[in-house]
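To start, the structure itself, in structure tokens.
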Amino acid sequence: MHTVRFFPIGNADSCLIELENGRRALFDFADMRDPDDSNDKRCDLEKELRDVLDGAKEIDVVAFTHLDTDHCKRAKDVFYLEHAEKYQDDERIKIKTMWVPASAILEVGVTGQARTLRAEARHRFIEGKGIRVFSRPEKLDQFLRDRGIDPAKRRNLISDAGTLCPEFNPEHDGVEFFVHSPFAEHSDGELIVRNDSAIFMQATFSVEGRETKLILSADVGYETIEEIVRVTKYHNNEARLEWDINNVPHHSSYKSLGPEKGKEETTPAENLEWLYEEQGRKGAIAISTSDVITEDETTQPPHFQTAAYYRRVTKDLGGDFIVTMEHPKSDKPKPLILEIGKSGSTVRKFAGSSATIISTAAPRAG
Amino acid sequence: MSDIDFSILRSERARALAAYVLESVDATFAHITSVSMTESFDLVDLVLEPQLPQDRVIPILNREPVRLFFSVSDDAAPSVLSLRADFPTGLVHTTRYSFMKETFLCVWEEKWQELRRSLTAQALIERLRTWFTRTASGELHQEGQPLEPLIPAASHTLIIPAGRFPSTWHVAAVSESDGIYTVIVREGAVAAEKVPLQFPIFFVELPPQVHGSLKSRPYDLQELRQLVEPSDESFLAGFADWLLLEAQLEVADKHALIVVLLPKMREAGGEPEQTEIWAFSTNETIGTIGELLGYTYNEGKRARLRVPRGPVGETNKITLFGWRVVQRLDRSAARRLAGHASQHDRRLVAVGAGALGSNVLINMVHSGIGPWTVIDDDLVLPHNTVRQVQGDWAVGLPKAESAKAMANDVIPETVVSICGNVLKRDQAINAAFSEADLILDFSASPAALGNIADDVSVKRAASVFFNPDGTDLVILAEDAERKLKLDEIEAQYFFAVGTARVLDGHLASARLDLVRYANACQDLSRPLPPWQVQTLCGIAAGKLAALTETDSSLACIWRLNPATGETRFLSLKIHDVHRHVFGGWHIAVSQAVLADMRELRRRSLPNETGGVLIGSFDAARRVVHVVAALPAPPDSRQTPTYFIRGAKDLKPYVDGLSARSAGSLSYLGEWHSHPDAAPAKPSGDDEKVFQYLRDNIRPSGFPYVMAICGSNETWLRAGWFGNSDGEGTIGHSTRASPGVKPGNDA
């Protein structure tokens, strides 16, 4: 049994995949909680992660789908970074292989977390180890030539859209990762749009012959998804867009579904309608990594109209739509754990009891 | 949810459930949609979110609406009704009550009195959620499983004979407790006056059904007709004929019991492979059913034939209540329930039905192991009842006969008895021996053990006995090919008792003057509590049950500490033997003897070495067992050309072996080695040694043996008063050859 875990961290992403053989992949890390706010229901992500790791100090793959704060907040405080000594102590979690889109290396003028992670990605890329870069824009070759490195010597560290990531293979790991995006052109324009150059992937797990497919779609906009669908159909690769679990893009933002927000329900762009309604398999689950969805009209995601669409689609599939900050209940969200086994995915629904009480510290007694 | 008025709830349990769902700190995966009430029930409607895999065998939904019926008086488990119109009732465990049309979910397997002790609000919700989870995964209802294996334990019960189903059905006994009936049926008729509460039985066999084709059992007479009539149009007529029998006419006020046999086949047109059985009682009396069908009219408690026949009424008004049907155990079912590995019967013989034999027999029969022939020529005496299974009723009866009666009370037709003695064979005993898969000797008689060992018609034998204190259990068993005979294993057991520290005291209190291992159970001067007997017999029964399913030989001892109940288990290593058959007698040399001589010889080279041989013998059966070759005493003289055995410490050591083995082990003769250059043949000096043994031992009646261990073979010669000497060699290249190695008659 493999597990896929999403954390209640508000409008932010972090997804931990634990394979049956013990290997792990973490997609994004954004520790959003405000420790000074006792009403903040978002989880202490660092603690949750360390609890799951149970003392382990290395993760096989840590992917930063893009360098927005809601995908990498506090990463530089938690992970062991190779490029500077100040990020190196025994308590930090090592990253065996870092996955980043090419834009994470090429972007200029970045500050804060993003700058630190860019430094780390560049360092690993220049050193030629511990990294996988997604897409190969011309600028990436130039980046290497500028540093006196023959681009051909780094080719093995780059994955193009439409290929499988070599860090995992079905025989040993029971999973394969297929990268749909970014495309090279996402990072070759004058202006790099981070969201659209982000990593969009499909993971296919296999347990006793039952395949379970997970789509991780970061924050890409609907136009990019339309393009992904077009390209995938062009290559007759439709199976690579099937899904049993779909981490819907950008915290249920309508901009990742269609051009208009809509009144009651967002109308999906044509290719996206196909992606969600045709490619979702029986009993499939859509996950909105977002704040609680209210009926208030908002500018920022999540948009209830968009959520209404996902909810309807998954209901028709006999599945479910789950919002991370609402699971299992809004006033006490907990990590969402999906078990991947021979019957597909199972959302773990464990009712609290004394087992929960004795597995955490008791309140101070007077 | 705010508009729900929880204050109407009268049932404490319903209120607790509401509190759990509303107030729980953690997610309950349940929410209440409404509450309502009837005269005797509080009704709580809720939606449950079970944990479900994506792929489901039964289409359970992520959100399942149910209604819980809480009895206000809390005298029954909450009933659970699915509120989903398309709930797959035919596929899951469901039940219908006569007073309601809805189908309820069979969630409870326990009796309410047990269940209520631990049924908290959370436990109730979790039970329901788990029920849905297990249903979705198909765990609760698998293909080929009876349609309703989980009829509540609180329902009426019909007990039917073991084995094939009866062709005629007669009620043999009825008992009633708290309104729940238990009815026992048998094939033969029973005098009516012996059955206080009558249940006339109508029996029908359905046409064979393909496995899984039937999703639900019939709930009323109309549904039963629909099942039967496509292939048997005379069903109703047959039922009418039955109603018109005098036996039914005169009990019109009684309720009928309808027994339905359902043969099931793997594919259409195939042979039925198994038969499911249902039993129903009806909501109406026989008389009312007869009236409804237009066959009879009631006159008091009697029904009378109606001429002409009236119209047939609505047969769906005759509701069928499901009964639990339980088949009596046969050996095969008992084995399954006892967790015994084998599907097959094993033919066993028990020699001796005393304390050990009777207890082990009953225990093994409870496990479905058998059939048995029990042989014993003794009678039950009053003092026997302390340690044997028989009670006062059996005093004066043959032990075999009374043990048989008790065993057949456990599982009928499992034991036959012979009042006889294996040492005085008759045809019945010989037949039982040659037919048995395994002879179990509980006689505590070395003579019986030897007798069984010598019987070539025996397929396999084991001997079970206690030590004289009754604290230790011994099991000696031959392998399935009988490469080793029981007496050869026994001789090695004696050597282990003589030498192993862990067996200190095992035979210490044996009476050397009478028997070798006294039968503790026959010794009235030594009290032996029944718990000790039963503890060790329980262990023996378990080991012997396992023995019937394995092929290897064994020698095991369990030592019970009566003060603490702790039991120590010891398994003895058993060696193969080399047999030399001479005219009228034979000698068996353990492989350990050979191995020891060769090792001592090797260590002494280039010198010769030697020592004495130890073993046991049976003068009646003319058998000698050589079980040990002792090393040279320290005052021996060992040279390249000769060996003179010393005597320092030898006698006390051999006396010790003899004492610890209850006199079984004794000195048997001499061995010495020859160097590589010399053949393993007696030299002139060696002939003098053998003559010395002959002169000194032969007149006393003991056997005497001389062995010479060379580089490639061991030579031996043996003699015994009344027999000619025998001589033979055992090649060293051959590994422990278990078979008989022909010796030379000298």
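The values are calculated or read from the model by the stated rules, or taken from the named source; none is laboratory data. All of these numbers come straight from a predicted model, not from anything done at the bench. Here the Cβ is made from the backbone with ideal geometry for all residues, glycine too, and neighbour counts use every protein chain on show. What goes into the accessible areas is simple: the full protein's heavy atoms, side chains included, and nothing from ligands, DNA or RNA. Shrake-Rupley method; radii C 1.70, N 1.55, O 1.52, S 1.80 Å.
From the list A:Glu226, A:Glu176, pick out the single residue that is of a type in the set (Asp, Glu), touching a helix residue (DSSP H, G or I) at 6+ places or on another chain (Cβ under 7 Å) and closer than 20 Å to A:His2 by Cα.
Among A:Glu226, A:Glu176, only A:Glu176 is of a type in the set (Asp, Glu), touching a helix residue (DSSP H, G or I) at 6+ places or on another chain (Cβ under 7 Å) and closer than 20 Å to A:His2 by Cα.
Inside region A:5-23, can you point out the residues that are surrounded by fewer than 21 Cβ atoms within 10 Å (Cβ to Cβ) and over 30 Å from A:Thr298 (Cα atoms)?
Across region A:5-23, the qualifying residues are A:Glu18, A:Leu19, A:Glu20, A:Asn21, A:Gly22, A:Arg23.
Would you mind telling me which numbered condition in (1) modelled with pLDDT under 90; (2) surrounded by fewer than 14 Cβ atoms within 10 Å (Cβ to Cβ); (3) not polar (S, T, N, Q) B:Glu599 fails?
(1)
Which residue is nearest to B:Glu490 (Cα to Cα), if the candidates are limited to region B:622-662 and must be of a type in the set (Gly, Ala, Ser) and in contact with a strand residue (DSSP E or B) (Cβ under 9 Å, 6 or more places away or on another chain)?
Going through the qualifying residues, I end up with B:Ser661.
Out of the residues in region B:355-394 meeting the condition of being assigned to a loop (DSSP other than H, G, I, E, B) and under 20 Å from the mean Cα position of the chain (by Cα), tell me which one is farthest from B:Ile429 (Cα to Cα).
Checking each candidate, the answer is B:Ser367.
Quickly run through region A:281-315 and pick out the residues that are more than 13 Å from chain B (Cβ to nearest Cβ), outside any loop (DSSP other than H, G, I, E, B) and surrounded by fewer than 16 Cβ atoms within 10 Å (Cβ to Cβ).
A:Arg312
Out of everything in region B:465-480 that is acidic (Asp, Glu) and assigned to a loop (DSSP other than H, G, I, E, B), what residue ends up being nearest to B:Pro527 (Cα to Cα)?
If we take residues in region B:465-480 being acidic (Asp, Glu) and assigned to a loop (DSSP other than H, G, I, E, B), then B:Asp469 is nearest to B:Pro527 (Cα to Cα).
Pairs please, first residue from region B:439-454 and part of a strand (DSSP E or B), second anywhere and hydroxyl-bearing (Ser, Thr, Tyr), Cβ atoms under 6 Å, 6+ apart in sequence or on different chains.
Qualifying pairs under 6 Å: B:Asp441/B:Ser463.
Which count do you get for residues in region B:1-41 that are without any contact (Cβ under 8 Å) to a residue 12 or more places away in the chain, farther than 14 Å from B:Leu124 by Cβ and not hydrophobic (A, V, I, L, M, F, W, C)?
Number of matching residues: 7.
Inspect region A:233-252 for any residue being among the hydroxyl-bearing types (Ser, Thr, Tyr), over 20 Å from the mean Cα position of the chain (by Cα) and either at pLDDT 95 or above or assigned to a helix (DSSP H, G or I) (or both) and give the result as yes or no.
Yes, region A:233-252 contains a residue that is among the hydroxyl-bearing types (Ser, Thr, Tyr), over 20 Å from the mean Cα position of the chain (by Cα) and either at pLDDT 95 or above or assigned to a helix (DSSP H, G or I) (or both).
Kindly provide the set of residues from region B:547-574 that are of a type in the set (Gly, Ala, Ser) and open to solvent by less than 60 Å² (accessible area, probe 1.4 Å), ordered by number.
Residues satisfying the conditions are B:Ser553, B:Ala555, B:Gly565.
Kindly indicate whether B:Gly294 is more than 25 Å from B:Tyr181 (Cα to Cα), of a type outside the set (Val, Ile, Thr) and without any contact (Cβ under 8 Å) to a residue 24 or more places away in the chain.
Considered against the rule, which asks whether it is more than 25 Å from B:Tyr181 (Cα to Cα), of a type outside the set (Val, Ile, Thr) and without any contact (Cβ under 8 Å) to a residue 24 or more places away in the chain, B:Gly294 comes out as yes.
Restricting attention to region B:1-43, and to residues there that are open to solvent by 70 Å² or more (accessible area, probe 1.4 Å) and either in a loop (DSSP other than H, G, I, E, B) or small (Gly, Ala, Ser) (or both), which single residue is nearest to A:Ser330 (Cα to Cα)?
B:Val25
Can we say B:Val577 is surrounded by 22 or more Cβ atoms within 10 Å (Cβ to Cβ) and under 30 Å from B:Ser700 (Cβ atoms)?
In short, yes.
So if I check each of B:Asn316, B:Asn384, which one is closer than 22 Å to B:Ala540 by Cα and out of contact with any Pro (no Cβ under 7 Å at 6 or more places or on another chain)?
It is B:Asn384.
Going by the structure shown, is B:Val44 over 45 Å from the mean Cα position of the chain (by Cα), more than 14 Å from every other protein chain (Cβ to nearest Cβ) and free of Cβ contacts under 8 Å to residues at least 60 places away in the same chain?
So B:Val44 fits the description; yes.
Could you grab the pairs with beta carbons closer than 6 Å, sequence gap of 6+ or different chains, first residue in region A:210-231 and charged (D, E, K, R), second one assigned to a loop (DSSP other than H, G, I, E, B)?
Filtered contacts from region A:210-231: A:Arg210/A:Lys342; A:Lys213/A:Glu242; A:Asp219/A:Ala198; A:Glu226/A:Ala269.
In region B:705-732, what residues are under 13 Å from B:Phe690 (Cα atoms) and not small (Gly, Ala, Ser)?
Within region B:705-732, B:Val705, B:Met706, B:Ile708, B:Trp715, B:Leu716, B:Arg717, B:Trp720, B:Asp725, B:Glu727 qualify.
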